[in-house]
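Everything on this sheet refers to the single structure shown next.
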Amino acid sequence: MEQLNFKLSKRLIDVANFLPAGATFADIGSDHAYLPCYVCAQDPSATAIAGEVNQGPFDSARATVRMHGLTERITVRLGDGLDVLEQADDIKQIVIAGMGGGLIKQILADGKAKLETVYRLILQPNVNARKLRIWLHEEGFVLTAEQILEENGHIYEILVADREGTGPYEEGLLERQFLFGPYLLKNKTPVFYRKWRKEADKLRHIIGQMEQATHPDAERIDQFKQELAWMEEELSHE
C-alpha cells in the first residue's frame, strides 16, 4: 500500500470496507478525496471519481490525489451531486458519507437517472437514516447491511443497499424497522442502546412541549408517542 499523508477516520474506514475489491466507485461530497485515495492506495485495481460541489474542497481533493500519485485512477470533478457522473464512467458503487439523511436522499432522487449502472450504494447519514431506508425500499434497492459506530462523541450509521438480494423487512414491522434499522435491531450493540437512550430523552421533551402548545397536533403527538413506546421497549432489552 502506498504511504498516505493523512489518517482516515474510523467512520470512513468502515465505509470503505463495504467496497468490493476492484471497485469502480464515485465518492460524492468527497471533501479532500481522502476516501478514494485510501481505497485506491490499498487496491491497485480500484478506480474512483471524487465529486465536490464547492471550489475549495475541489481544489483540496485535486491536490491530495496529485500528492499521492493517483491521478491515473482518481478523477476529481466539480459539480452538484450525481451531476458529476457520465454514462461512460460505468460507475458500479456510490458512496455518500457525512451528510444528513434528507440531503443524501435528495442527491439520489435528483440523480436517479445516473443510478442505472450502479449496483451498490454505501450511505453514511449523520442524522435521519430512516428517510434513506424508506427511499431505498420504495426505489427497489435492497438493504443488505447496516453498521452503527461511535467516533469522537458522535454516533453514525452506515447503510449498504444493493440492486439484488433478499430484503430484511418483515410484514407488520416495517415502520419500526425503518426507524431503528432491521439489521441493527437484530444485533443491538452498546452504541445502539446509547443512541436510542438519547433519542428517547429528546422525544419525551418534544412530546411534553407539543402537549403544552395552544393548539396541540394530536395526530403528530400520537405518532411520537408510538415511536417513544418502541424506543422504550427496545431499551428494556438492554
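The values are calculated or read from the model by the stated rules, or taken from the named source; none is laboratory data. What you are looking at is a predicted structure, and each value in this text was computed from that prediction instead of being measured. Every residue, glycine as well, gets a Cβ built from its backbone with ideal geometry; the counts of neighbours run over all protein chains shown.
Scan segment 219-238 for residues that are assigned to a helix (DSSP H, G or I) and either charged (D, E, K, R) or without any contact (Cβ under 8 Å) to a residue 24 or more places away in the chain (or both) and the total you get is 13. If only residues of segment 128-148 that are crowded, with 18+ Cβ neighbours inside 10 Å and of a type in the set (A, V, I, L, M, F, W, C) are counted, the one that is nearest to F192 (Cα to Cα) is I148. The condition (being closer than 29 Å to Q87 by Cβ, out of contact with any strand residue (DSSP E or B) (no Cβ under 8 Å at 6 or more places or on another chain) and at pLDDT 95 or above) is satisfied by just one residue among I158, I206, I134, I122: I134.
Taking the criterion of being modelled with pLDDT of 95 or more, aliphatic (A, V, I, L, M) and over 21 Å from V15 (Cα atoms), the only residue of segment 64-83 that qualifies is L78.
Yes/no matrix, rows are residues, columns are (1) in contact with a Phe, Trp or Tyr (Cβ under 9 Å, 6 or more places away or on another chain); (2) among the polar types (S, T, N, Q); (3) closer than 20 Å to Q93 by Cβ:
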| position | (1), (2), (3) |
| --- | --- |
| G29 | no, no, yes |
| Q42 | no, yes, yes |
| A50 | yes, no, yes |
| D59 | no, no, no |
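What do you reckon, is A41 in a helix (DSSP H, G or I) and either over 18 Å from V160 (Cα atoms) or not assigned by TED's automatic domain parsing to the domain that holds Q124 (or both)? Yes.
In the set A21, A48, A26, A16, only one residue is under 27 Å from K112 (Cα atoms), at pLDDT 95 or above and either touching a Cys at 6+ places or on another chain (Cβ under 7 Å) or not assigned by TED's automatic domain parsing to the domain that holds D162 (or both); that residue is A48. Within segment 93-127, the only residue that satisfies the criterion of being surrounded by fewer than 22 Cβ atoms within 10 Å (Cβ to Cβ), of a type in the set (A, V, I, L, M) and assigned to a strand (DSSP E or B) is M99.
Output the number of residues of segment 199-210 satisfying the condition of being acidic (D, E) and either touching a residue at least 60 places away in the same chain (Cβ under 8 Å) or surrounded by 13 or more Cβ atoms within 10 Å (Cβ to Cβ) (or both). First the steps, then the outcome.
The initial filter retains those residues of segment 199-210 that are acidic (D, E), namely 199, 201.
Then keep just the ones that are either touching a residue at least 60 places away in the same chain (Cβ under 8 Å) or surrounded by 13 or more Cβ atoms within 10 Å (Cβ to Cβ) (or both); that gives 199.
The qualifying residues number 1.
Screening the candidates D14, D90 for the property of being buried (at least 16 other Cβ atoms within 10 Å of the Cβ) and among the acidic types (D, E) yields one hit, D14.
Scanning segment 214-238 for residues that are in contact with a Phe, Trp or Tyr (Cβ under 9 Å, 6 or more places away or on another chain), surrounded by 15 or more Cβ atoms within 10 Å (Cβ to Cβ) and of a type outside the set (A, V, I, L, M, F, W, C) yields a single hit, E234.
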